[in-house]
Amino acid sequence: MYVEMKHIEKNYGSFHASRDVSFGIDKGKLVALLGPSGSGKTTILRMLAGLENPNSGDIFIDGRRVNDIPAAKRGIGFVFQNYALFRYMTVYDNVAFGLEIQKRPKEEIRQRVLEMIDLVGLSGMEKRYPNQLSGGQRQRVAFARALAPNPQVLLLDEPFAAIDAKVRQELRNWLKDTIHRVGITSIFVTHDQDEAVEVADEIIITNHGHIEQVGTPLDIYRQPRTPFVARFIGTPAVINNCNILTGFLQVGTGKQAIVRPEFLKIYKHGTMKQYISAAEEG
Ligand SMILES: Nc1ncnc2c1ncn2[C@@H]1O[C@H](COP(=O)(O)OP(=O)(O)OP(=O)(O)O)[C@@H](O)[C@H]1O
Ligand SMILES: [Mg+2]
């Protein structure tokens, strides 16, 4: 495991924001943290980045325990939810920021910045200021800025939340391609399940500060391990008293079942006799 959290607990005063959070991520994977608002996603990201300390538990990056390593030394790039670009700096200076702090040689900075701006498809816009860019372009600059110092891990907190639906869709595909091309281990937060399913190699589902399930999008869809996950993914109908309905005999002792609409077929009344073992009238 390249990035690992083990038995993390985090309290804000009396509020329990992370409860026994454990998960591991393989090198080079793009992983989504998916869960409802307030379920503790940002808290997990901030602890990984070193912007917040857990009350207990261990955090490992590339085999090294990083709990006591300050944020600036963890080798993490962070893209925040609202484009936190420096408003009074050009695109070039924004992307150069992390490298300037590391006091890299000027020529090396220039090459890296131009390479990053090219990577995010904004060549020619180096001299623009953030207010001369669209929302999508600004997020690309934020992405380039986070990647420029060559971090080991990239964290993105709802990178597309403030962007309209159509551009968002384009950016998702772009992000997925670009991250895989760069090959950097990345975790992005979203509360949009379509986004998670479309973009992520693996999904970590959070709820009330704990992790409900970790798996590929297909695992999570086909084999939800908790009632919460079953309801949260897809648009299932919940059936109460399912054991009185034909076709639900396999459900076992559960009181409720979910039906995914994509697996239902509807027939004209009286024409379904041939499917009688798996059909109900209604
Ligand atoms: N500094 C803080 N002090 C007190 N409570 C906090 C603090 N930061 C977060 N919380 C609480 O911890 C819980 C988890 O917050 P967090 O920001 O991690 O949620 P989230 O899953 O990222 O939600 P969203 O999808 O709305 O961004 C929330 O109930 C929040 O109010
Ligand atoms: Mg959040």
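Side notes on the structure shown:
- The label point for Arg65 and the one for His269, both projected 7 Å from the Cα toward the Cβ, are 7.0 nm apart.
- The fraction of accessible area contributed by carbon and sulfur in region 3-229 is 49 percent, rounded to a whole number (1.4 Å probe; ligands and nucleic acids excluded).
- Candidates Gln169, Gln139, Gln102: whichever shows maximal mean-square fluctuation once the chain is modelled as a Gaussian network with Cα springs under 10 Å: Gln102
- Inverse mean reciprocal Cα-Cα distance (Kirkwood Rh) of region 238-278, Å: 11.5
- Cα long-axis angle, helix 106-119 against the chain (0 to 90 degrees, to the nearest 10): 30
- Taking amide H as placed 1.01 Å from N in the peptide plane, the amide H of Leu156 sits under 5 Å from that of Val79, Ile187, Phe188, Val189, each at least 5 places away or on another chain.
- Alpha-carbon centroids, region 2-18 and region 163-239: separation in whole Å: 21
- Top of Leu245, Leu122, Leu51 by mean-square fluctuation, Gaussian network on the chain, Cα under 10 Å: Leu245
- Set of aspartates and glutamates with alpha-carbon distance to Lys268 below 16 Å, sequence-local pairs under 8 removed: Glu280, Glu281
- Ellipticity estimate at 222 nm from DSSP helix runs (n ≥ 4, -39,500 (n - 2.57)) divided over the chain, nearest 500: -9000 deg cm²/dmol
- Three-way shape call for region 8-94 based on the alpha-carbon gyration tensor, with the a/c threshold at 1.5: prolate
- Nearest-0.05 FRET efficiency for Asn243 and Gln169, computed from C-beta distance (R0 45 Å): 0.65
- Taking every protein chain into account, the accessible area of region 3-229 amounts to 48 square angstrom per residue (probe 1.4 Å).
- Residues in region 192-208 that a label on Gln223 would reach, taking backbone N under 20 Å of a point 7 Å out along Cα→Cβ: 197, 200-206
- Region 188-282: C-alpha gyration tensor shape, a/c 1.5 cut-off, then a/b vs b/c: prolate
- Within straight-line reach of Lys41, meaning a Cα separation under 19 Å, sit the following lysines at least 8 residues removed in sequence or on another chain: Lys6, Lys10, Lys29.
- Modelled FRET efficiency - R0 30 Å, Gln132 with Asp177, Cβ distances, 0.05 increments: 0.70
- Taking the C-alpha atoms of the chain, convex hull volume expressed per residue in Å³: 166
- Solvent accessible area, Å² - Val214, 1.4 Å probe, full protein context: 50
- Put a plus charge on the Cβ of each Lys and Arg, a minus charge on the Cβ of each Asp and Glu, and nothing anywhere else: the dipole of the chain about its Cα centre is then about 220 debye.
- Most mobile of Val120, Val31, Val79 in a GNM of the chain (Cα contacts under 10 Å): Val120
- Ala279/Asp192 FRET efficiency (R0 30 Å; Cβ-Cβ; nearest 0.05): 0.30
The values are calculated or read from the model by the stated rules, or taken from the named source; none is laboratory data. In this text, all values refer to a predicted model and were calculated from it rather than measured experimentally. Note that each Cβ is placed from the backbone with ideal geometry, even for glycine, and that neighbours are counted across all protein chains shown. Side chains are part of the model used for accessible areas, which takes the heavy atoms of the whole protein and leaves out ligands, DNA and RNA. Shrake-Rupley method; radii C 1.70, N 1.55, O 1.52, S 1.80 Å.
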